[in-house]
Structure formats: C-alpha cells, structure tokens
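Accompanying notes for the structure given below.
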Amino acid sequence: MAITSQPLKPEKEGFFNTHAMIDCYFSYLEHVFVLLLPFSGFDAASENWADFISSNWTTKYNRILRPDQSPAAHRLYTELEEIKERIRNTFTHGGFEKGYESLFVHLPGIGATPASLSRFSDGIHYRVIPVSQADFDSACVVLDRADAYVEQTHPRAMRILQAGLDAYFDPEGVREYVAALESDAATAEFIERESAAYEQEANMDW
C-alpha cells in the first residue's frame, strides 16, 4: 500500500494544504469583517458589537459587504459559500455534508455498493483525492477576488487595518474613523498619528 500510494502523495498533500488554506481564509475573512465594523456605519446605540462578533459568517458578510445592495457582492457570496459548504465545512465537520448528503446506502441485490447522496454534482466523496488541482486553482481565483473586492469597497479602512492599529468600537473612536475616511490625506495623517502614539506608549515614552 505504501508503494502503490506514492504516485498520489503530491495530490494527497495538496488536498490537506488546500483544506488548511481554505479553513484559515474564512477565519481570516471573518476577522476582517469584525475589524471593518466600526468603519461601516456602526452605531453602538443601536448595534451590539459583541453580538456581531459571535454571529455567523453570513451575518458578518451581509453587514459589511451588503450583497442585498450589490450584485457583485451577491455573486461573490455565492462563490464563497459554495467553497465553504463543499470543501471547508465538509471536512471541518468530519467529512459530512449537511442533511442527507453524506449518508451511504447499500443497493438491494448488489451488495455493499454505497452511493453518496451529495447535493453537489462534483461532490468530494466521488474521488480518491477529494480536492483536486482544479479545485485548488478555482478556489484561489475566488479567494483572490474576495480580497480584491474588500480592498476595493473599503480601501481607506483596509489601509488603517493593515497598519496594525487596534480597532475601537466606542462612539469617540467611530467618529475619528469617520474623519479619517474622508480623504487619502486624512487616512495617512490618522495612521501616522496613531502609530506614533502607539510607539510612545509601547516604549513608555511619556
């Protein structure tokens, strides 16, 4: 078995790495959505940030990217959701798809010949290696498109987040973000000011 499986070793390792990549990406994207909340019209008087943090991925996506108002965001959500359901969730939850899709049945008169009732025409259970090179390539295209879309819709907010600054959800912090997002110059000035303040505090240079 060890010898005969050697030709499949790259594909098997590719499957494991692809699953790890996709699993990490969705966790990363959820984290970005949480950090973008105070830059997205957040009002502490009417919204609970703790509820948002504990909400599911779909709720976070809908709140930040507004697919109900953007066909592009809606298409992107559909593509991400398919990757999440078909690859990430299936293996994160022990190899089971939702509902009856991962049940195996024996066909009468044939014997032990299971048939997966996957709701996906290219279900992962139909292959020796569940995730192929083509799956990896197509997933990367969608994930790259998601990164680009978030950057495109929240360019100044992403610059602030990528600067490594903490995100604040209090009213004063939100007001500062609103001012910082008014122009590229305001964003740059905010990053410079907050970075200098952080360095002073980290070095206890008061």
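See the values below:
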quantity	calculated
Lone unmet requirement of (1) at pLDDT below 60; (2) outside any helix (DSSP H, G or I) for His125	(2)
Test set (1) over 24 Å from the mean Cα position of the chain (by Cα); (2) open to solvent by less than 90 Å² (accessible area, probe 1.4 Å); (3) over 16 Å from Phe42 (Cβ atoms) - Gly164 fails condition number	(1)
Some residue of region 172-191 being outside any helix (DSSP H, G or I), within 30 Å of Ser46 (Cβ to Cβ), open to solvent by less than 90 Å² (accessible area, probe 1.4 Å) and modelled with pLDDT under 95	no
Residue satisfying condition, being at pLDDT 95 or above, more than 13 Å from the chain's Cα centre (by Cα) and surrounded by fewer than 15 Cβ atoms within 10 Å (Cβ to Cβ), within set Ala45, Ala72, Ala2, Ala50	Ala72
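The values are calculated or read from the model by the stated rules, or taken from the named source; none is laboratory data. Values in this document were obtained by computation on a predicted structure and should not be read as measured data. A quick note on method: Cβ atoms are made from the backbone with ideal geometry, for glycine too, and the neighbour counts reach across all protein chains shown. Note: accessible area is taken over every heavy atom of the protein model, side chains too, but ligands, DNA and RNA are not part of it. Shrake-Rupley method; radii C 1.70, N 1.55, O 1.52, S 1.80 Å.
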